[in-house]
Amino acid sequence: MDDIIRERDFLGRPCGVKSSLEILYGGEAMPNDRLLESLLLNGFSPATAAESIGVDAKTVERWISKGRTPFPKHRRALAALVHEAETYLWPDAIDPERRTEIAEAEVIKIFPHRSLIPADLWSRLLRDSSERIDILVLAGLFLAEEPTFAKTIKTKVNQGLSVRMLFGDPLADEAVKRSSEEKLAVGTVPARIKNALALVEPLTSIEGVEIRFHGTTLYNSIFRFDDEMIVNMHVFGQPGAYAPAMHLRRLPTGDLFETYLSSFEHVWSISDTADFSRIRV
């Protein structure tokens, strides 16, 4: 299908696409191209999608060809079917006030400092994850040093878990500057990154674990465990442990979880596979 899709966003999702709609509906560009492309990319036709959610095929075709907005229960069912947020498939279906309320509902708890997050919460998130763990940090040494972290990752990956980890490149200017920005001794942050990498490097031999280096300015550290997430919001002049953190739970119509997930995906898309030999020089 990629040879007929002319435009995609950085997540690989269709953006301003007409080609597949033209193919299915005979040359006329239709309003909800996002819904159609999401269905096709997940192996559904309008007919099979209709069967899956218990509506008539013509109803789904109208949602696509006429741009009509389904009832909330059908929006939720379709969004779950194609693993997308309702706000992506129907950006105007939820009014701003309601979207704000939903975003608030996604926040389980706010911690004034990341260091105040209970150890048993980290353990529970790691233990209960079954599909996906995504981590974006500079060093994340506190997590890498957790005695059960690597062992649990190995066990869960053998059970089908997929893991992606993004660490700051310890040789990048952004990592070097971070030490002074956090009022730490020169070279502290690169040294912490190298320590964390030494602990996670054995995981690179496991199929299902991917590790990359990034050279971005890290605004937030992101720890995604299936549909829950810890976001560590960094503040200038303070180490990450002293900065606030949020515990989020994804809601089908929410924007907050999706915003941070999109940020992770963006950094992932511009980062390189970790070259551990380079940092040992």
Ordered by residue, what ³J(HN,Hα) values in Hz, to whole numbers, does the stretch 244-252 give under the Karplus form 6.51 cos²θ - 1.76 cosθ + 1.60, where θ = phi - 60° and Gly and Pro are x? x, 9, 10, 9, 10, 10, 5, 10, x
If N is the number of residues in the stretch 128-248, what value comes out of its Cα radius of gyration divided by 2.2 N^0.38 Å? 1.04
Go through LYS156/LYS194; LYS154/LYS177; LYS66/LYS109; LYS154/LYS183 and tell me which ones have a Cα-Cα distance over 30 Å in this structure. LYS154/LYS177; LYS66/LYS109; LYS154/LYS183
Give the residue from ASN195, TYR219, VAL235 lying farthest towards the positive end of the charge dipole for the stretch 119-238; charges sit on Cβ (+1 for Lys and Arg, -1 for Asp and Glu) and the dipole is referred to the Cα centre. ASN195
How far is it, in nm, from the label point at ASP275 to the one at HIS83 when both lie 7 Å from their Cα along the line to the Cβ? 3.1 nm
Please get the size of the charge dipole for the stretch 108-201, origin at its Cα centre, with Cβ charges of +1 on Lys and Arg and -1 on Asp and Glu, quoted in debye to the nearest 20. 220 debye
Going by accessible area, probe 1.4 Å, with all protein chains left in place, what is the ranking of GLU51, GLU146, largest first? GLU51, GLU146
Loop sites in the stretch 177-281: GluC sites (Glu not before Pro), DSSP, at most 12 other Cβ within 10 Å: GLU207
Sort the following peptides by mean Cβ neighbour count (other Cβ atoms within 10 Å, averaged over residues), highest first: 57-68, 104-115. 57-68, 104-115
R0 of 22 Å, Cβ-Cβ distance SER123-THR259: FRET efficiency to nearest 0.05: 0.25
FRET efficiency (GLU51, VAL176; Cβ distance; R0 41 Å; to 0.05) is 0.15
Enumerate by residue number the trypsin sites (Lys or Arg not before Pro) in the stretch 155-223 meeting two conditions: DSSP loop (anything except H, G, I, E, B), and at most 12 other Cβ atoms within 10 Å of the site's Cβ. LYS183
Efficiency by 1/(1 + (r/R0)^6): what FRET value for TYR219 and SER130, r their Cβ-Cβ distance, R0 = 25 Å, to the nearest 0.05? 0.30
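The values are calculated or read from the model by the stated rules, or taken from the named source; none is laboratory data. Treat the numbers as computed from the prediction; the structure is a model and nothing was measured. We place every Cβ from the backbone using ideal geometry, glycine too, and count neighbours over all the protein chains shown. These accessible areas exclude ligands, DNA and RNA; they are computed on the full protein's heavy atoms, side chains included. Shrake-Rupley method; radii C 1.70, N 1.55, O 1.52, S 1.80 Å.
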